Amino acid sequence: MKRMEVVLGDITKLEVDAIVNAANSRLAGGSGVDGAIHQAAGPELLAECRTLGGCPTGAAKITRGYRLPAKHVIHAVGPVWHGGNDNEPELLASCYRCSLQLAVQHGLKSIAFPAISCGVYRFPIGQAAQIAVTEVAEFLKTDISLERVIFVCFDDMMQQAITQALDKLTDAG
Ligand code: ADP
């Protein structure tokens, strides 16, 4: 599908309507991509996050982007991987759906996702990539407002996983 693309790089540099943050449920900032986003956005982002009352796993909340090139940040809380029998796949799929819904509700046209849960939350990357690509593709089937959905990969392994999942989708027609 032409509206989906994969890029290798740092999500904090992207000039899009929204970047998604792999946040924790307290929306308190943290390590990995969360730390990088807060660092680049400046302290105003944490101040706005503190007004939101946290966010359950599988859900998402939106803030402004402050000093980021992106206009908004969508904070999605991915599941911690506990072996796969704790609803992890469904919760990860829900993160993607909720983020896309928020983007559409706010009239946004472009959104960039990091590999939610694939860092310290230890979700297996092949399965996570499959879920990410499938959820976005399903969403785009019924939505005509989003113009660009970017999967931002921080390393080659993740880029390969997303590329493979996108290829599978194309093969399946
Ligand atoms: P989680 O806690 O949801 O696992 P992490 O931030 O630990 O989140 O990792 C999620 C993914 O984001 C990992 O694949 C990691 O390599 C990647 N990542 C880390 N920093 C950045 C960044 N600046 N831009 C894009 N992706 C990033």
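The values are calculated or read from the model by the stated rules, or taken from the named source; none is laboratory data. Keep in mind it's a predicted model, so treat the numbers as computed, not measured. Here the Cβ positions follow ideal geometry from the backbone for every residue, glycine too, while neighbour counts run over all protein chains shown. For the accessible areas, the whole protein counts, side chains as well, though only heavy atoms, and no ligand, DNA or RNA atoms are used. Shrake-Rupley method; radii C 1.70, N 1.55, O 1.52, S 1.80 Å.
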- [ ] State whether the residues of segment 96-107 include one that is more than 11 Å from the chain's Cα centre (by Cα) and within 16 Å of the ligand (Cβ to nearest atom).
- [x] no
Task: Failed criterion for Glu44 (all others in (1) closer than 25 Å to Arg148 by Cβ; (2) touching a residue at least 12 places away in the same chain (Cβ under 8 Å) hold) - done: (1)
Open item on the list: Any residue that is closer than 22 Å to Arg64 by Cβ and in a strand (DSSP E or B) - is there at least one of those in segment 152-165?
Closed with: yes
Task: Every pair of residues 6+ apart whose Cβ atoms lie under 6 Å, when the first sits in segment 64-84 and is over 25 Å from Glu15 (Cβ atoms) and touching a residue at least 40 places away in the same chain (Cβ under 8 Å) while the second is open to solvent by 60 Å² or more (accessible area, probe 1.4 Å) and of a type in the set (Lys, Arg) - done: Trp81/Arg122
Open item on the list: When you scan segment 116-127, do you find a residue that is without any contact (Cβ under 8 Å) to a residue 60 or more places away in the chain, open to solvent by less than 40 Å² (accessible area, probe 1.4 Å), aromatic (Phe, Trp, Tyr) and more than 11 Å from the ligand (Cβ to nearest atom), even just one?
Closed with: no
TODO: Scan segment 128-173 residue by residue and report those that are exposed (fewer than 15 other Cβ atoms within 10 Å of the Cβ), more than 25 Å from Lys13 (Cα to Cα) and either among the hydroxyl-bearing types (Ser, Thr, Tyr) or within 16 Å of the ligand (Cβ to nearest atom) (or both).
DONE: Thr142, Thr170
TODO: Identify the residue in segment 66-80 that is away from the ligand (no atom under 14 Å from the Cβ) and not charged (D, E, K, R) and, among all such residues, is least open to solvent (accessible area, probe 1.4 Å).
DONE: His72
